[in-house]
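Working notes, beginning with the structure itself.
The values are calculated or read from the model by the stated rules, or taken from the named source; none is laboratory data. Owing to the predicted nature of the structure, the values given are computational and were not obtained by experimental measurement. No Cβ is skipped: glycine too gets one built from the backbone with ideal geometry, and neighbour counts run over all protein chains shown.
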Amino acid sequence: MTYEVPFIKPIFPTGVDIASDVGDIVASNWFTNFGPNERRFRDSIVDRISPSSYAVTFSNATIALIGALSVFIEEKRPGGVVLVPSFTFAAGPEAVRWVGLEPLFIDVDPITVQPALASAHAAFETHADRVVGILLCNTFGIGAPDVAAWEELAKNRNVPLIIDSAAGFGSEYPDGTPVGSRGDCEVVSFHATKPFAIGEGGAALTSDERRATEMRSFSNFGFDSDGAVRSGLNGKLQEFNAAIGLRQMESFDAALKDRRAALARYTSLLVGSGFAEAIPNADLSSVCFASFLLPDKIARDVMLDGLRSRGVEARVYYSPPVHRQPSFARSEVIDELKVSDDVYGRIIALPAFVRLPEHAFDSVSAVMHEMGAS
Ligand SMILES: *Cc1c(COP(=O)(O)O)cnc(C)c1O
């Protein structure tokens, strides 16, 4: 079915602007392999995040995650595991497998729905000798409030901290630092469904120059001047997508303002009335979509159906958690992942794209009214 208000609707440059960029690219005869658009886009990412960072662009964030894990985790021994939350998008755990390791799933915090530090400590208690890395995930692109404690843990345990911030380009951590600037490496996505959309694309950010060079080499068959010198593949960003990225950068701040305004309006409707709980720090994020926790699964499902029947495409993220998906059904877990199971049963995701129609907010009010909110 098509919805009056779809879940995602990226803002894109106009067809005329895109055609002009495509014309320039064709005239230059330089389509990929670190061309002028890629270079300028890469510089603009660094300008936005931190002058002390290196950005490595990729064809998408999943390949960027594989590149980051491949380069930062030196010990890829058999039986090695990477701590990763189950309440995330499957790309992270899948990337772990592509570098020859297995995920060890940890739980999330019931309030922030971010990876739970206590669960990671429990994992180190029981599996310390097998943990070779941590893949933190900034849930929904929201910067984890305890990122400094994760950095500390990784340092004490002498393992790299890679952060999957796929939906978080443009977000800030509660301490004011930009998402993209923490851990050993952060990965962001520019997929069409993310707040900063270029079609397909991603980037890995790090302050480690040597590792940045290695990740760039990874994206280009593991080449250096001697040919293939390390694990690699073809993960390069095309000029067309980089050109769109350059245009998006110009309008991004206005887009962020609009998305945050949509989140604030939902929050005053749903949280102001005590009907639902907000996800802490979502207001500092780039608001890929607007998530709220309902008291239980029954209320969530009534709201989900009510909105969908009114033409508003609400969804559930992340559902089910990765350890409930067939490919990971036999993976090891910590604490039975009780919170992850509870959270995905009662969370709802609402569209929050730029110039969101009033119908979205009106529908939320109407459904709340039907459900007995005063
Ligand atoms: C979207 C997303 C990815 C994958 O990004 P692509 O650019 O589509 O490969 C990975 N992790 C999370 C948490 C995501 O939301």
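Every condition in (1) within 16 Å of the ligand (Cβ to nearest atom); (2) among the hydrophobic types (A, V, I, L, M, F, W, C); (3) surrounded by fewer than 20 Cβ atoms within 10 Å (Cβ to Cβ) holds for Phe218 except the one numbered (3). Of the residues examined, Val187 is not one that is away from the ligand (no atom under 16 Å from the Cβ), touching a Gly at 6+ places or on another chain (Cβ under 8 Å) and either under 18 Å from Gly67 (Cβ atoms) or in a helix (DSSP H, G or I) (or both).
Look at segment 354-374: where a residue is of a type outside the set (D, E, K, R) and a partner is modelled with pLDDT under 95, sitting 6+ places away or on another chain with Cβ atoms under 8 Å, you get Val354/Ile11; Met368/Ser273; Met368/Phe275; Met371/Phe275; Ala373/Ser273; Ala373/Phe275; Ser374/Ser273.
State whether one or more residues within segment 109-118 are in contact (Cβ under 8 Å) with a residue 24 or more places away in the chain, under 25 Å from Asn60 (Cβ atoms) and either within 11 Å of the ligand (Cβ to nearest atom) or among the charged types (D, E, K, R) (or both). No, segment 109-118 has no match at all. If the condition is being touching a Leu at 6+ places or on another chain (Cβ under 7 Å), crowded, with 17+ Cβ neighbours inside 10 Å and of a type outside the set (Val, Ile, Thr), then segment 37-53 contributes Asn37, Glu38, Phe41, Ser44, Ser53.
Just checking, which of Leu270, Leu304 is touching a residue at least 40 places away in the same chain (Cβ under 8 Å), within 23 Å of Gly143 (Cβ to Cβ) and out of contact with any helix residue (DSSP H, G or I) (no Cβ under 6 Å at 6 or more places or on another chain)?
Exactly one of Leu270, Leu304 is touching a residue at least 40 places away in the same chain (Cβ under 8 Å), within 23 Å of Gly143 (Cβ to Cβ) and out of contact with any helix residue (DSSP H, G or I) (no Cβ under 6 Å at 6 or more places or on another chain), namely Leu270.
Confirm whether Ala197 is of a type outside the set (D, E, K, R), away from the ligand (no atom under 16 Å from the Cβ) and either more than 19 Å from Leu69 (Cβ to Cβ) or in a helix (DSSP H, G or I) (or both). Taking the combined requirement at face value, the residue does not satisfy it.
Residues are listed down the side, and each one gets a yes or a no for (1) part of a loop (DSSP other than H, G, I, E, B); (2) crowded, with 16+ Cβ neighbours inside 10 Å; (3) modelled with pLDDT under 95; (4) of a type in the set (Asp, Glu):
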{"position": "Arg230", "(1), (2), (3), (4)": "yes, no, no, no"}
{"position": "Lys236", "(1), (2), (3), (4)": "yes, yes, no, no"}
{"position": "Phe240", "(1), (2), (3), (4)": "no, yes, no, no"}
{"position": "Ile244", "(1), (2), (3), (4)": "no, yes, no, no"}
{"position": "Asp253", "(1), (2), (3), (4)": "no, no, no, yes"}
{"position": "Leu256", "(1), (2), (3), (4)": "no, yes, no, no"}
{"position": "Cys288", "(1), (2), (3), (4)": "yes, yes, no, no"}
{"position": "Pro295", "(1), (2), (3), (4)": "yes, no, no, no"}
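Among the criteria (1) near the ligand (Cβ under 10 Å from one of its atoms); (2) farther than 18 Å from Asp253 by Cα; (3) in contact with a Phe, Trp or Tyr (Cβ under 9 Å, 6 or more places away or on another chain), the one Ser165 does not fulfil is (3). When Leu237 is tested against (1) within 21 Å of Tyr54 (Cβ to Cβ); (2) out of contact with any Asp or Glu (no Cβ under 7 Å at 6 or more places or on another chain); (3) within 16 Å of the ligand (Cβ to nearest atom); (4) of a type outside the set (Lys, Arg), just one condition goes unmet, and that condition is (2). Answer with yes or no whether Gly272 is out of contact with any Cys (no Cβ under 9 Å at 6 or more places or on another chain), modelled with pLDDT under 95 and not in a strand (DSSP E or B). Criteria met by Gly272. Among the candidates Ala255, Ala242, the residue that is under 20 Å from the mean Cα position of the chain (by Cα), small (Gly, Ala, Ser) and closer than 18 Å to Ile8 by Cα is uniquely Ala255.
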